[in-house]
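Single-structure report; data block below.
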Amino acid sequence: MSISAKTPPRLRRIGRSRGCALESAELHQGVAVNRGIVIGGGLAAVVVAALAGGPAIIGGKVQGEVQGAYARVFQQLPFIRLVEQRYDKGWMSATHTATIEVGCETPAGPDGQGGSKPIRFTVTDTIQHGPLPGFSAAALARVQTEVRLAGEGKAEVEKAFGGQPLLKSSTLVSYGGSTRGSFESPKAGFTAPDGTVVAWDGLAGTFSGSDFTGRSTTFEAKAPSLSVKSPKDGGELTMSGLRMAGNTQRPGDYMFLSVGTTEGGIDSISFKANPGMARTSAVPRPGQPVSVSMTALKFKSDASLDKDLAASTVSMSGAMQVNEVKIDKIEFAGGMRRLHAPSYEKGMQAFMKQAYACPKPGEKQDPQAALAPMIDLLKGLLPHNPEYAVDKIAATYKGKEGVISYSVSTQGVTEDDLKAPPMAVVMSKAVVKASASLPLAWVEEIAASVAPAQAQQLPMMLDQLSAQGLVKREGELLKADFNFSAGKATLNGQPVPLPFGGAPAGAARGS
């Protein structure tokens, strides 16, 4: 709107009022635009700052986690030692390289033969830092790990694995510290100097964990097949369809104790040998070909902890064939009970350090010092009445089942008892139970095949054993029960002498 001197006063006032309003609107619009620019620019600056500074901060945290994880492995497994390590950290990524060795160097004998060197491996971790590692996911980091043999034999192993690492894995670490990823070992095949042919069809699996330390882990793995053949002696080992899955948790500060469940199976595993083909000094050894196979194997293990007492169970089942003999079903069940966890942890730490410490050149091992950790371990476990039990070893053959079971434990060990040597305590406080139940038809068939001339005398022999109380006959079953307690033994309820003379109850005290 144009205002001139000829414009009436009233209209001039209205025009000026509207002009101010337009100017004010334009001013507010400019401020709003500028505010949007400032806010948008601020957000962009924050994002840029996060991308610029975030990886550096995250990189420092990841470095601590990675090196801490390696330190825990070396502490828990002293037979794995760190030779050297490097951590090259960049802005968005880092590389951690560690050379580790397994085993000790042993000198050669006076004739120059023998001796060994530790096996060395190179572990390389290629790390992409968050907040967007590799721009593939929002996470703290992504870690690609490769394990390769280092030193002697490296070229041969690299060739066997087609230039691939022995093992590789990919791990995504979340901001909360949890992990998930996958691992694999590639196919491999080689021929040993003695002609043995090995074919490995690889290994693959997945895992997830609650944190970088592996305190709680869930996993599954599969290995299609393994074959080892020795043309020299006709030996052959094959395995197919290995699979397993489980979850483990490490309670408290324990390093050698975990709880959880693992289960899996093997489609088939077989072993063949022809002893007649083996030669020693160019002279064939006598023997018949042997073939053992197991199919449809299933296994499961459980471990638990209750008020410092650990327990574990293991079970297995499947079918079996030995040469032409087919066993319809085999079963195993057993485990440990009342294992005092703090004593076990302390004893295992001491044992591992003692057993896997590499001696210095010329240093001689002290047998008593080597036994000390085991003695201390026994002293910690025995007062809690630990037990190892094979609850069932069973086989079903031609529709009939045979069963064997046994258990070994201690009962009533006191602090006073522990002043005596551990073996004296065991002999006086040990409780051993064993039982067997075999079908009579099995015994008759074995006798007919092993000693056919004496097979007709078997009923008379069994009658004599039954009259002496060494065997019990219950229908078509032959049974026996053995018990050892307080230094005394019984067989089917009757006292039997012991070859070592036994030990009277309480003999540990004051011995």
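Structure summary
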| item | result |
| --- | --- |
| Some residue of region 88-110 being acidic (Asp, Glu) and in a loop (DSSP other than H, G, I, E, B) | yes |
| Residue check for ARG148: of a type outside the set (Ser, Thr, Tyr), under 19 Å from the mean Cα position of the chain (by Cα) and at negative phi | no |
| Any pair with Cβ under 7 angstrom, 6 or more apart, that starts in region 360-381 at a residue that is without any contact (Cβ under 8 Å) to a residue 60 or more places away in the chain and over 19 Å from PRO118 (Cα atoms) and ends at one that is surrounded by 18 or more Cβ atoms within 10 Å (Cβ to Cβ) and of a type in the set (S, T, N, Q) | LEU377/SER343; GLY380/SER343; LEU381/SER343 |
| Only listed residue being surrounded by fewer than 16 Cβ atoms within 10 Å (Cβ to Cβ), at pLDDT 95 or above and either touching a Phe, Trp or Tyr at 6+ places or on another chain (Cβ under 8 Å) or not polar (S, T, N, Q) (or both), chosen from ALA296, ALA303 | ALA296 |
| Residue list for region 313-325, restricted to those being assigned to a strand (DSSP E or B), surrounded by fewer than 16 Cβ atoms within 10 Å (Cβ to Cβ) and free of Cβ contacts under 8 Å to residues at least 60 places away in the same chain | GLN321, VAL322 |
| Cross-chain or 6+ apart pairs with Cβ under 6 Å, region 77-94 first and farther than 11 Å from ASP125 by Cα, then surrounded by 14 or more Cβ atoms within 10 Å (Cβ to Cβ) and of a type in the set (Ser, Thr, Tyr) | PRO78/TYR356; PHE79/TYR356; VAL83/THR99; GLU84/THR99 |
| Qualifying position, being out of contact with any strand residue (DSSP E or B) (no Cβ under 8 Å at 6 or more places or on another chain) and not aliphatic (A, V, I, L, M), among ARG148, ARG81, ARG72 | ARG72 |
| Qualifying residue in region 452-462 (condition: of a type in the set (A, V, I, L, M), over 30 Å from ARG338 (Cα atoms), outside any strand (DSSP E or B) and touching a helix residue (DSSP H, G or I) at 6+ places or on another chain (Cβ under 7 Å)) | yes |
| Considering residues of region 194-249 that are outside any strand (DSSP E or B) and in contact with a strand residue (DSSP E or B) (Cβ under 6 Å, 6 or more places away or on another chain) only, the residue nearest to ARG72 (Cα to Cα) | SER210 |
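The values are calculated or read from the model by the stated rules, or taken from the named source; none is laboratory data. All figures in this text were calculated on a predicted structure; none of them were measured in a lab. Here the Cβ is made from the backbone with ideal geometry for all residues, glycine too, and neighbour counts use every protein chain on show.
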